[in-house]
Amino acid sequence: LDTAEYISNELSPSPNCPFATIVHGDYKAMNIMFRGKESDFDQDQDVSDIPTPLLIDFASTGVGLGMSDLAMHIAQIALPEDLENNNLETKLVSYYCKCLKDSLPDDMQSVYSQDDALRHYRLATVDYFRFILGRQWKGATLETFEKRSKDTNFAMVNRDVEAALKFVERTDLYLREIEQEMKEQRS
(Lines give C-alpha, C1' and ligand atoms only; values in the text may rest on other atoms or scores of the structure.)
Protein backbone atom coordinates (compact mmCIF):
# COMPACT_ATOMS: atom_id res chain seq x y z
CA LEU A 1 0.00 0.00 0.00
CA ASP A 2 1.47 3.36 -0.95
CA THR A 3 1.08 6.46 1.21
CA ALA A 4 -1.54 8.17 -0.98
CA GLU A 5 -3.69 5.03 -1.05
CA TYR A 6 -3.31 4.60 2.72
CA ILE A 7 -4.43 8.19 3.36
CA SER A 8 -7.35 7.82 0.96
CA ASN A 9 -8.48 4.62 2.68
CA GLU A 10 -8.20 6.21 6.13
CA LEU A 11 -10.27 9.24 5.01
CA SER A 12 -12.97 7.12 3.36
CA PRO A 13 -14.99 5.59 6.19
CA SER A 14 -17.93 3.33 5.55
CA PRO A 15 -21.30 4.73 6.67
CA ASN A 16 -21.15 2.24 9.59
CA CYS A 17 -17.82 3.58 10.89
CA PRO A 18 -18.30 5.29 14.28
CA PHE A 19 -16.32 8.31 13.00
CA ALA A 20 -18.30 8.71 9.77
CA THR A 21 -20.43 11.78 9.28
CA ILE A 22 -21.83 13.86 6.45
CA VAL A 23 -19.17 16.26 5.23
CA HIS A 24 -19.67 19.36 3.13
CA GLY A 25 -16.63 18.58 0.99
CA ASP A 26 -15.94 22.20 -0.06
CA TYR A 27 -16.00 23.97 3.29
CA LYS A 28 -14.52 27.40 2.68
CA ALA A 29 -15.48 30.97 3.47
CA MET A 30 -17.13 31.63 0.11
CA ASN A 31 -19.56 28.77 0.83
CA ILE A 32 -20.59 30.13 4.24
CA MET A 33 -23.13 32.94 4.43
CA PHE A 34 -24.42 35.01 7.35
CA ARG A 35 -27.56 37.11 7.47
CA GLY A 36 -26.85 40.81 7.85
CA LYS A 37 -24.15 43.22 6.80
CA GLU A 38 -20.48 42.93 7.71
CA SER A 39 -20.83 46.14 9.71
CA ASP A 40 -23.38 44.36 11.95
CA PHE A 41 -20.66 42.11 13.38
CA ASP A 42 -18.31 43.07 16.18
CA GLN A 43 -15.11 41.08 16.57
CA ASP A 44 -15.43 41.15 20.33
CA GLN A 45 -19.05 40.05 20.56
CA ASP A 46 -19.99 36.82 22.28
CA VAL A 47 -19.97 33.85 19.90
CA SER A 48 -23.54 32.98 20.91
CA ASP A 49 -24.68 36.33 19.46
CA ILE A 50 -23.32 35.61 15.97
CA PRO A 51 -26.00 34.47 13.53
CA THR A 52 -26.06 30.82 12.54
CA PRO A 53 -24.10 30.31 9.32
CA LEU A 54 -25.86 29.16 6.18
CA LEU A 55 -23.84 26.74 4.07
CA ILE A 56 -24.18 26.66 0.29
CA ASP A 57 -22.76 24.56 -2.58
CA PHE A 58 -23.29 20.97 -1.56
CA ALA A 59 -21.90 19.47 -4.78
CA SER A 60 -19.13 17.62 -2.88
CA THR A 61 -21.19 16.43 0.09
CA GLY A 62 -20.87 12.81 1.16
CA VAL A 63 -19.85 10.40 3.88
CA GLY A 64 -16.48 11.27 5.37
CA LEU A 65 -14.66 12.54 8.42
CA GLY A 66 -15.52 15.94 9.86
CA MET A 67 -11.83 16.75 10.11
CA SER A 68 -11.69 16.86 6.31
CA ASP A 69 -13.90 19.94 6.31
CA LEU A 70 -11.92 21.49 9.16
CA ALA A 71 -8.55 20.87 7.47
CA MET A 72 -9.79 22.52 4.28
CA HIS A 73 -11.26 25.45 6.17
CA ILE A 74 -8.05 26.10 8.12
CA ALA A 75 -5.97 26.01 4.92
CA GLN A 76 -8.42 28.51 3.42
CA ILE A 77 -8.35 31.07 6.23
CA ALA A 78 -5.32 30.68 8.48
CA LEU A 79 -2.71 33.39 8.56
CA PRO A 80 0.90 32.17 8.71
CA GLU A 81 1.38 33.48 12.26
CA ASP A 82 -1.69 31.51 13.39
CA LEU A 83 0.03 28.31 12.36
CA GLU A 84 3.17 28.74 14.42
CA ASN A 85 3.64 25.66 16.61
CA ASN A 86 0.23 24.32 15.44
CA ASN A 87 -1.40 26.80 17.81
CA LEU A 88 -4.55 27.60 15.83
CA GLU A 89 -4.92 24.06 14.53
CA THR A 90 -4.78 22.49 17.97
CA LYS A 91 -7.24 25.02 19.38
CA LEU A 92 -9.72 24.53 16.53
CA VAL A 93 -9.54 20.73 16.68
CA SER A 94 -10.05 20.93 20.47
CA TYR A 95 -12.99 23.28 20.05
CA TYR A 96 -14.50 21.01 17.38
CA CYS A 97 -14.21 18.03 19.74
CA LYS A 98 -15.75 20.00 22.62
CA CYS A 99 -18.72 21.10 20.48
CA LEU A 100 -19.19 17.59 19.14
CA LYS A 101 -19.06 16.08 22.62
CA ASP A 102 -21.52 18.70 23.93
CA SER A 103 -23.97 17.82 21.18
CA LEU A 104 -23.82 14.04 21.60
CA PRO A 105 -25.94 11.97 24.00
CA ASP A 106 -24.15 10.78 27.15
CA ASP A 107 -23.70 7.21 25.87
CA MET A 108 -21.74 8.49 22.84
CA GLN A 109 -19.43 10.95 24.60
CA SER A 110 -16.34 8.79 24.16
CA VAL A 111 -16.86 7.78 20.52
CA TYR A 112 -14.48 10.37 19.04
CA SER A 113 -11.40 11.15 21.09
CA GLN A 114 -9.25 14.21 20.57
CA ASP A 115 -6.39 11.88 19.56
CA ASP A 116 -8.57 10.37 16.83
CA ALA A 117 -9.62 13.84 15.71
CA LEU A 118 -6.01 15.09 15.52
CA ARG A 119 -4.97 12.01 13.56
CA HIS A 120 -7.84 12.50 11.11
CA TYR A 121 -7.06 16.20 10.87
CA ARG A 122 -3.44 15.45 9.93
CA LEU A 123 -4.50 12.87 7.33
CA ALA A 124 -6.98 15.37 5.88
CA THR A 125 -4.38 18.15 5.81
CA VAL A 126 -2.00 15.97 3.79
CA ASP A 127 -4.83 14.99 1.46
CA TYR A 128 -5.87 18.61 0.95
CA PHE A 129 -2.23 19.50 0.26
CA ARG A 130 -2.22 16.86 -2.48
CA PHE A 131 -5.26 18.56 -4.03
CA ILE A 132 -3.73 22.05 -3.79
CA LEU A 133 -0.39 20.89 -5.17
CA GLY A 134 -1.94 19.08 -8.12
CA ARG A 135 -4.71 21.51 -9.02
CA GLN A 136 -3.78 24.96 -7.77
CA TRP A 137 -0.03 25.30 -7.60
CA LYS A 138 0.68 23.96 -11.06
CA GLY A 139 2.47 26.86 -12.71
CA ALA A 140 2.25 29.05 -9.58
CA THR A 141 4.74 31.89 -9.42
CA LEU A 142 5.39 34.79 -7.09
CA GLU A 143 3.43 36.90 -9.56
CA THR A 144 0.34 34.66 -9.34
CA PHE A 145 0.48 34.82 -5.54
CA GLU A 146 0.78 38.61 -5.74
CA LYS A 147 -2.21 38.86 -8.13
CA ARG A 148 -4.31 36.75 -5.76
CA SER A 149 -3.12 38.42 -2.55
CA LYS A 150 -6.28 40.51 -2.00
CA ASP A 151 -8.79 38.08 -3.54
CA THR A 152 -10.52 36.27 -0.67
CA ASN A 153 -12.03 33.80 -3.14
CA PHE A 154 -8.62 32.13 -3.12
CA ALA A 155 -7.42 30.07 -0.18
CA MET A 156 -4.84 31.76 2.01
CA VAL A 157 -2.33 29.11 0.86
CA ASN A 158 -2.96 30.24 -2.74
CA ARG A 159 -2.52 33.95 -2.16
CA ASP A 160 0.12 34.30 0.54
CA VAL A 161 3.58 32.81 -0.03
CA GLU A 162 4.32 32.61 3.70
CA ALA A 163 1.03 30.76 4.32
CA ALA A 164 1.90 28.40 1.46
CA LEU A 165 5.31 27.69 2.98
CA LYS A 166 3.75 27.03 6.41
CA PHE A 167 1.31 24.66 4.68
CA VAL A 168 4.25 22.80 3.11
CA GLU A 169 6.04 22.58 6.49
CA ARG A 170 2.94 21.29 8.30
CA THR A 171 2.23 18.79 5.55
CA ASP A 172 5.81 17.52 5.65
CA LEU A 173 5.58 17.03 9.41
CA TYR A 174 2.22 15.24 9.18
CA LEU A 175 3.37 13.11 6.26
CA ARG A 176 6.38 11.91 8.25
CA GLU A 177 4.03 10.99 11.14
CA ILE A 178 1.75 9.08 8.75
CA GLU A 179 4.69 7.23 7.19
CA GLN A 180 5.88 6.25 10.69
CA GLU A 181 2.38 5.01 11.52
CA MET A 182 2.37 2.93 8.34
CA LYS A 183 5.81 1.51 9.17
CA GLU A 184 4.65 0.53 12.68
CA GLN A 185 1.56 -1.19 11.29
CA ARG A 186 3.68 -3.29 8.91
CA SER A 187 5.96 -4.55 11.70
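Miscellaneous remarks
- FRET E, pair LYS98, ARG176, Förster distance 22 Å, beta-carbon r, rounded to 0.05: 0.20
- Kirkwood Rh in Å, taken over all unlike Cα pairs in the chain: 18.0
- Accessible surface, per residue, of segment 93-185 when the full set of protein chains is kept, probe 1.4 Å, Å²: 62
- Modelled label reach - THR90, point 7 Å along Cα→Cβ, segment 140-168 residues with backbone N closer than 12 Å: none
- Contact order for segment 48-187, expressed relative to its length and based on alpha carbon pairs under 8 Å spaced 6+ residues apart, stands at 29 percent.
- Carbon and sulfur %, accessible surface of the chain computed with the full protein complex present, 1.4 Å: 52
The values are calculated or read from the model by the stated rules, or taken from the named source; none is laboratory data. Note that the structure is a prediction, hence the values are computed from the model and not measured. No Cβ is skipped: glycine too gets one built from the backbone with ideal geometry, and neighbour counts run over all protein chains shown. The protein model used for the area step is the full one, side chains on, heavy atoms only, and it has no ligands, DNA or RNA in it. Shrake-Rupley method; radii C 1.70, N 1.55, O 1.52, S 1.80 Å.
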